[in-house]
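J.: Handing you this structure, nothing more for now.
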Amino acid sequence: MIRHYHTIRDLIAEYKSGNKTVEDTIIETFDRIDKVENKVNAFILTLKNEAIQRAKELDKTLKKSGRKTKGKLFGIPIAIKDNICFKNYPTTCASKMLENYIPPYNATVIKKLLDEGAIIVGKTNMDEFAMGTTCESSYFGVTHNPWALDRVPGGSSGGSGAALASGEVPLALGSDTGGSIRCPASFSGVVGLKATYGLVSRYGLIAYACSLEQIGPMATNVSDCKDIFDVIVGNDPMDSTTISKEEMEQYLKKSFKDFPNSKGKFTFGIPKELLGEGIDPEVKKSVWDAIKLLEDLGGSYEEISIPSIDYSIACYYIIAMAEASSNLARFDGIRYGFRSEDKGNWNEVFANNRLAFGKEVRRRIMLGTYALSAGYYDMYYLKALKLRTLLIQEFEKHLKKFSFLICPTMPILPFKLGEAVNDPLTMYLADICTVPINITGLPALSIPCGFSQGLPIGLQIIGNYYEEYKIFQIADLYEKNAHTKNTFPKI
Ligand code: GLN
């Protein structure tokens, strides 16, 4: 079974040595999916025939080339969040609105994965239009946390998190606008990275809030997470917010540097706003244990203060909802999306089509429209943008001094199913540790750092812009010493 492999590199080595075929892996993958999917519901769509077909082709190329392959993800099964366009297959955003949408093109990240030999095995469940923290608002039913089936896997990329945790796939893609990779990584006990804004192309990602979001990697260990990340980064002429070619060269040069340096020393800051009041004591304990371990490994830390964090939830939800209200305007049944019966005047038809959105999406479109409307724009949206600048300055000040910052990924243990979905405020407040990272555009990774009541807890490692390499190296060091690699629930 896939989950017994240490890393995808080990799996590729097996293909090369002839111990295993890609087809074997794909058959095992679908055996596993068939076994657990009725309990977990991680996928909206699975692509068994297509995956087997591609596996056979890859096996043939391997044979022809004398068992040599350069593909960094050669023959590796991967699950894709269902807001990322995969040509000729439905991309629904877990919404009735896009139930029948079939994109005629591939997202840039999909093209990159396929070029490196990855095999897409399905599209994963998510909160509708990526708006949520629990993966319960999907039109296609809730996803269950493989560690405790009566709990949420985290959202919005909950299907990707649950597919990894239940051993269905070794790799997945998610998207992160306010924590949607890191939250399910934390709640499902896997590794996930939200990169520096601009490092990964958003071309082909169905937009929720463009200035905040990035597509990113999720895996069951740091090495796999880095391998898939290395494949998807880079400049893209189709997304003008991506890093320039020259900057990319600088980034790559940097990423070969060793960190920590030869003396093995490093420094980190702990924002007191993210490890004090409002954080579950069990989460606090695990994070402090991780901090002590990092200290033993050569780190020295200081507690710091980033006062604007206290306003980050309000700031995030104003910006995210404002952008969402504009991004989702195209789904009117005329340009895109669900078309109701053409009854009544234009306004009525339009309004009926828009009823295909679920409750949370409607709430956000309405609040976002309100925040942008004349008279309120200055009071809400402009204020949120000012706070964004302040938060960037405060983070930058500390990241000049420290190699990285440490805090919990989620302030609480995974919600019980149904506990938060009808209580938006409780749900929004759970994003306190993740949203500052999207507001500032910084990179951050979530890695498992312990359990409470059998439920996983995640540690968040925040780095400076374009210093993902430092995050990966410290996460790798931590993972080796905390022995958190490839830990799976019994399911
Ligand atoms: N929970 C946050 C929200 O609902 C983050 C979602 C995301 O990152 N896509 O907006």
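J.: By how many nm would the segment from Phe350 to Lys263 grow when fully extended, if each residue of separation counts as 0.36 nm and the alpha-carbon distance is taken off?
T.: Length gained between Phe350 and Lys263: 24.9 nm.
J.: Where in the chain lies the longest segment free of GluC sites (Glu not before Pro) that are both loop residues by DSSP (not H, G, I, E, B) and have at most 14 other Cβ atoms within 10 Å?
T.: Longest site-free region, per DSSP loop and neighbour criteria: 1-276.
J.: What are the ³J(HN,Hα) values, in whole Hz, obtained from phi via the Karplus relation 6.51 cos²θ - 1.76 cosθ + 1.60 with θ = phi - 60°, for each residue of region 233-241 in sequence order, with x given for Gly and Pro?
T.: With the stated coefficients, region 233-241 comes to 6, x, 4, 9, x, 7, 9, 5, 8 Hz.
J.: For the chain, what is the percent of antiparallel DSSP beta bridges, rounded to the nearest 5?
T.: Approximately 65 percent, going by the DSSP bridge assignments.
J.: A follow-up question, please. Using each residue's phi in region 450-462, evaluate 6.51 cos²θ - 1.76 cosθ + 1.60 at θ = phi - 60° and report the 3J(HN,Hα) Karplus result to the nearest Hz, with x for Gly and Pro.
T.: Per residue, the Karplus-derived 3J(HN,Hα) values read x, 9, 9, 6, x, 10, x, 10, x, 9, 9, 10, 9 Hz.
J.: Right, next: List residues of region 172-194, by number, whose backbone nitrogen lies under 18 Å from a label position 7 Å along Cα→C-beta of Glu50.
T.: Only 172-174 pass the distance filter.
J.: Just to be sure I understand the model, the point goes 7 Å from the Cα along the line to the Cβ. What's the resulting Leu293 to Asp34 distance in nm?
T.: Calculated label separation equals 3.7 nm.
J.: State whether region 207-278 is rounded, prolate or oblate according to the following rule on the C-alpha gyration tensor (a ≥ b ≥ c being the square roots of its eigenvalues): a/c under 1.5 gives rounded; otherwise a/b larger than b/c gives prolate, and the remaining case gives oblate.
T.: Oblate.
J.: Multiply the residue separation of Ile334 and Met379 by 0.36 nm, subtract the distance between their alpha-carbon atoms, and state the gained length in nm to one decimal.
T.: Net length gain for the segment: 12.9 nm.
J.: Here's a follow-up. Within the chain, which is the longest segment containing none of the trypsin sites (Lys or Arg not before Pro) that sit in a DSSP loop and have at most 10 other Cβ atoms within 10 Å?
T.: 71-262
J.: Measure off 7 Å from each Cα along the Cα-to-Cβ vector at Phe256 and Leu149, then give the distance between these two points in nanometres to one decimal.
T.: 5.0
J.: Mind giving me the nanometre distance, one decimal, between the label points for Thr487 and Lys16, set 7 Å out from Cα along Cα→Cβ?
T.: If labels sit at Thr487 and Lys16, their model points lie 3.1 nm apart.
Quick note: the coordinates plus some simple rules give every number you see, no bench work behind them. These figures come from a predicted structure and were not determined experimentally. Virtual Cβ from ideal backbone geometry, glycine too; neighbours counted across all protein chains shown.
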